[in-house]
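See structure below.
The values are calculated or read from the model by the stated rules, or taken from the named source; none is laboratory data. Just so we're clear, the structure is a prediction, and the values are computed from it rather than from any experiment. In this analysis, Cβ positions are derived from the backbone assuming ideal geometry, glycine residues included, and neighbour counts consider all displayed protein chains.
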Ligand SMILES: [Zn+2]
């Protein structure tokens, strides 16, 4: 291992498009926004141009509740992207949010030994810098 | 209805040496394997009139025209499905020769040396990874082991599947590799070795993950009619199909994390070939990770969803078992040639050319592909 911790590469950052910029803007305000079809009201995530139920391309952004349950998880021990070398081992959780969409985000405040399918989780927010906040998940107490 | 049953045959197979690194370029490796496959078929390269290069490889049909001096390439296509590409390419090649669009279609795949650090940036650039790249990579989900770990964990929690059952698949592949002089990993592995290997992306340990390899493999597909005049007994494609999972671009949003695209393809392939699961003598199952083998066995209907762990117990998939799998060692222990090596191995098994690792009386076999975020492909072949 030749990488010193001082020389870690930058973490990958989202490259927002016009289609998903509001999602990222929402996270910065610690709000979770997803697309709602303007024709049939179906919620969809991740952001994309078309509703797969009615093919409408008009949509609005709706704030959803950050509560949900554990659908699955993984614990990364190997930093496939070297920028995560300081974080390993870290847990990412796939959560079923009550609104019906799924979210994957790092688990904070607990380790994997606390996890089981169906446990209640809630979305929290981690401010990376002035222009980027990322979602995370913590077990509801 | 027109169907592809027994309309096409694999008439030639070839490969390069498999190793962790190679001095040769990806293109040079691809051409070397291609030439070996063409010669094996008893053809001259200039008779090749169809080419399906590996979509993710950066090699294009023009490279084959240029290097082999192909005078009349009439068919070229890509099947961009990651590790499901080679078997999906068999379907495309079979369609081309069955309809007379081409006579001999070369399907070739090469992988050059690639350092670990570059894998994540290469993945991030792929169009089929757009959503993962935007919404998951910034959170620390950057590589296939991490993508698929969520599927495997869900399977374990729902069905009681164990780390040891994943280990059975790794140990089986290694047993086969020990008998295969081409395999990169020939040191015997015990279940304890598997359990003691370091954790990579829990539930995957090092020995649940496929190798990194440089090398190439290729096959020639010819119409069943023309195949009769070539060098080897033709290995016929009885049934072939591809399938795509729901939410193909983001596993996170998939309704059922434990159902791959092959679940849609397998019934088509079995019906086309008119064979049952009990007829399968040998199966070369795409094994980028141990869990992916177990899940495909369920999705293909060898057992019910959730019963894969029990299905593979008691030596059923081991050499000499009821359903021997990955007789070359697979991506886990032979080499990661994105499953083109699985097709080559199945053809050799059905020809009866596998020496010490030959499955006795292998007449009907299947080969699968799995790629990107759950795409699937399957071919059932027979001699
Ligand atoms: Zn709609």
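Annotations for the structure displayed:
- For the stretch B:324-356, the set of residues classified as surrounded by fewer than 24 Cβ atoms within 10 Å (Cβ to Cβ) and touching a helix residue (DSSP H, G or I) at 6+ places or on another chain (Cβ under 6 Å) consists of B:354 only.
- Residue match in the stretch A:6-22 (condition: within 12 Å of chain B (Cβ to nearest Cβ) and within 16 Å of the ligand (Cβ to nearest atom)): yes
- Residue A:61 being assigned to a strand (DSSP E or B) and within 16 Å of the ligand (Cβ to nearest atom): yes
- Residues in the stretch A:111-123 that are modelled with pLDDT of 95 or more and more than 13 Å from every other protein chain (Cβ to nearest Cβ): A:120, A:121, A:122.
- Members of the stretch A:70-110 that are away from every other protein chain (no Cβ under 11 Å), free of Cβ contacts under 8 Å to residues at least 60 places away in the same chain and more than 14 Å from the chain's Cα centre (by Cα): A:98, A:109, A:110
- From B:46, B:24, residue being surrounded by fewer than 23 Cβ atoms within 10 Å (Cβ to Cβ) and outside any loop (DSSP other than H, G, I, E, B): B:46
- Condition check for residue A:30 on (1) within 11 Å of another protein chain (Cβ to nearest Cβ); (2) in contact (Cβ under 8 Å) with a residue 60 or more places away in the chain: one failure, at (1).
- If the condition is being away from every other protein chain (no Cβ under 14 Å), part of a loop (DSSP other than H, G, I, E, B) and more than 24 Å from residue B:282 (Cβ to Cβ), then the stretch B:151-186 contributes only B:162.
- Scanning the stretch A:52-69 turns up at least one residue that is within 21 Å of residue B:202 (Cα to Cα) and at pLDDT 95 or above.
- Strands (runs of 3 or more DSSP E) wholly inside the stretch B:187-288 that include at least 1 residues being touching a residue at least 24 places away in the same chain (Cβ under 8 Å) and within 14 Å of chain A (Cβ to nearest Cβ): B:199-202
- Residues in the stretch B:109-124 that are within 11 Å of chain A (Cβ to nearest Cβ) and modelled with pLDDT of 80 or more were compared, and the one that is surrounded by the fewest Cβ atoms within 10 Å (Cβ to Cβ) is B:124.
- A count restricted to the stretch A:37-81 and to residues that are touching a strand residue (DSSP E or B) at 6+ places or on another chain (Cβ under 8 Å) and surrounded by fewer than 19 Cβ atoms within 10 Å (Cβ to Cβ) stands at 18.
- Candidate set: the stretch B:236-266, residues that are crowded, with 23+ Cβ neighbours inside 10 Å and within 17 Å of residue B:344 (Cβ to Cβ); chosen: the one nearest to the chain's Cα centre (by Cα): B:240
- Test: residue in the stretch A:35-54 that is under 14 Å from residue A:135 (Cα atoms), within 15 Å of the ligand (Cβ to nearest atom), within 13 Å of chain B (Cβ to nearest Cβ) and not in a loop (DSSP other than H, G, I, E, B): no
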